[in-house]
Amino acid sequence: MAPRKKVEEKEEDIVKVDLLDVLLDENNTAPIYMTDASGRRLKFDQIAVIPYGEDSLYCILKPISKIEGVADDEAIVFRVEEDDDGEAVLNLEENEEIAIAVFDQYYTLVEEEENKKAESKKKAAKSTAAKAAPKTAAKAPAKSASKTTSKKKTDAK
């Protein structure tokens with residue numbers, strides 16, 4: 001038997017893109033890749049981009065790659081900054097108070113969005129009920145009249 005050739009795993013092609021374009025693109029569902037201090041390539045899902053403070057922009061990313069000390073249901077806050085070349089880069093937000101405030105801002109925005117959706121559903125339900133109301137009202141007198149007629153027949157017996 002001939003020895004099998006080893007199939008090398010081909011690493012995904014890395015395409016350099018503008019980080020802000022990726023972060024601010026509402027339709028982007030592609031993961032974000034970063035390299036840690038030891039050179040390990042890490043993969044993240046973008047959860048949100050949050051403006052916080054004066055002219056500061058943060059993003060919340062959920063690791064897809066396993067990261068020691070980060071649970072599967074946890075996300076991480078990164079600060080968007082410019083490097084020496086003027087390009088956007090992500091840096092881990094190490095100030096716990098700021099990270100918590102960014103998460104709080106995120107939760108507030110999510111709650112506001114849920115309230116807007118609930119209000120829209122209520123308005124849609126009221127609108128549907130208002131459109132259906134004239135049809136129901138037109139049928140109601142006919143049913144009342146037939147009940148009245150039935151009652152009169154019963155009384156006549």
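The values are calculated or read from the model by the stated rules, or taken from the named source; none is laboratory data. Fair warning: this is a prediction, and the values are worked out from it, not measured in the lab. In this analysis, Cβ positions are derived from the backbone assuming ideal geometry, glycine residues included, and neighbour counts consider all displayed protein chains.
Considering only region 30-43, state which residues are touching a strand residue (DSSP E or B) at 6+ places or on another chain (Cβ under 8 Å) and closer than 18 Å to residue 81 by Cα.
Once the filter is applied, which keeps residues that are touching a strand residue (DSSP E or B) at 6+ places or on another chain (Cβ under 8 Å) and closer than 18 Å to residue 81 by Cα, region 30-43 yields 32, 33, 34, 35, 36.
Look through 89, 77 and report the one residue that is modelled with pLDDT of 95 or more and either of a type in the set (S, T, N, Q) or out of contact with any Pro (no Cβ under 8 Å at 6 or more places or on another chain) (or both).
77
Can you pull out the residues in region 84-106 that are outside any strand (DSSP E or B) and surrounded by 10 or more Cβ atoms within 10 Å (Cβ to Cβ)?
87, 93, 95, 98, 99, 100, 101, 102, 103, 104, 105, 106
Please work out which one of (1) at pLDDT below 95; (2) under 22 Å from the mean Cα position of the chain (by Cα) is the condition residue 55 fails and give its number.
Going through (1) at pLDDT below 95; (2) under 22 Å from the mean Cα position of the chain (by Cα) one by one, residue 55 breaks only (2).
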